[in-house]
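> Structure incoming, see below.
The values are calculated or read from the model by the stated rules, or taken from the named source; none is laboratory data. Only a predicted model underlies this, so the values are computations on that prediction, with no experimental measurement involved. Positions of Cβ are backbone-derived with ideal geometry, glycine not excepted, and every protein chain shown enters the neighbour counts.
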Amino acid sequence: MRVPKTVRVVEVGPRDGLQNEAKTVPTATKVALIEQLADAGFKTIEAGSFVSSKWVPQMADTTAVMQALKRRPGIVYQVLVPNLKGFDAARAANADEVAIFAAASESFSRRNINCSIAESIERFAPVMVAAKAAGIPVRGYISCVVDCPYEGAVSPQAVADIAGRLHDLGCYEISLGDTIGTGTPARIVAMVDAVAEHVPRERLAIHCHDTYGQALANILAALESGIATIDSSVAGLGGCPYAPGAAGNVASEDVVYMLDGLGVAHGIDLAKLAATGRFISAALGREPASKCAKALASKAA
């Protein structure tokens, strides 16, 4: 088995994880979560998003979160932005990095950001220009890289086309999202191979949801395909408000445990991460979705 010797794990729980919660999460809790994740060793943390609070009310306090954070040197605090207005807010909040998001499915694009794929790319062009002028790196997300909840199977070539366009715009990295968690290893590999014809593998990341219990297998397949960046969410938080039935993101604890077993360096303290998962799960009134976290808790009991 050939996997990268070192992997970067991007923690998306504070944004992608919490955006789908029905319960309002206090700003102080979000800040504590992000600071605990930084203490656990994450170097890139998705801290929030500057999208319309009408559509994603859980992210309405992102400015307050960014202002309250005790920033640590060497850690990238990233926020999601849908357009130039969002970018301006991110810059005002001193975000280290921004992310833009497209979809490989027309139906999902219209449900998620209320425009076609082509229109979404047009919206991002001025963001890229402004980000370059400000010296702020931009990461790209692509949703529905395997299946769409409205259209069914998505062709690898469609994903490759969008990835190539985001890369050409100037995104330093493209995160490939199995938004509804229906992917299997063979389909993930086929998709990654198609995308790699347009974007170098070292500029790709994998973002898996665990709806069908395939996330870790899919991540391992991506690692074997040359991907060295993994998105994950503490305690398995998340889902997608525009993808009915989608389960949470793959749990960061489970990813880190697997990487430890593979002998892959990642820089994250599993015990601190598991404690962080227990913290945010308690704040939300439930148990962590991570199997690893549950196993560690039972051993400690």
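> Quickly run through the stretch 264-286 and pick out the residues that are touching a Lys or Arg at 6+ places or on another chain (Cβ under 7 Å) and under 15 Å from Gly13 (Cα atoms).
Of everything in the stretch 264-286, just one residue is touching a Lys or Arg at 6+ places or on another chain (Cβ under 7 Å) and under 15 Å from Gly13 (Cα atoms), namely Leu284.
> Out of the stretch 46-55, which residues are at pLDDT below 95 and either buried (at least 18 other Cβ atoms within 10 Å of the Cβ) or assigned to a helix (DSSP H, G or I) (or both)?
The answer is Val51, and nothing else.
Quick grid of which residues meet (1) hydrophobic (A, V, I, L, M, F, W, C); (2) under 20 Å from Thr44 (Cβ atoms); (3) buried (at least 19 other Cβ atoms within 10 Å of the Cβ):
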position: Asp168; (1), (2), (3): no, no, no
position: Leu176; (1), (2), (3): yes, yes, yes
position: Gly181; (1), (2), (3): no, no, yes
position: Ala186; (1), (2), (3): yes, no, no
position: Val192; (1), (2), (3): yes, no, yes
position: Asp210; (1), (2), (3): no, no, yes
position: Asn249; (1), (2), (3): no, yes, yes
position: Val256; (1), (2), (3): yes, yes, yes
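> Out of the residues in the stretch 1-45 meeting the condition of being over 19 Å from Gln78 (Cβ atoms) and charged (D, E, K, R), tell me which one is surrounded by the most Cβ atoms within 10 Å (Cβ to Cβ).
Glu21
> Next question, about the same structure. For residues in the stretch 212-242 being among the polar types (S, T, N, Q) and in contact with a Cys (Cβ under 9 Å, 6 or more places away or on another chain), which is surrounded by the most Cβ atoms within 10 Å (Cβ to Cβ)?
Ser232
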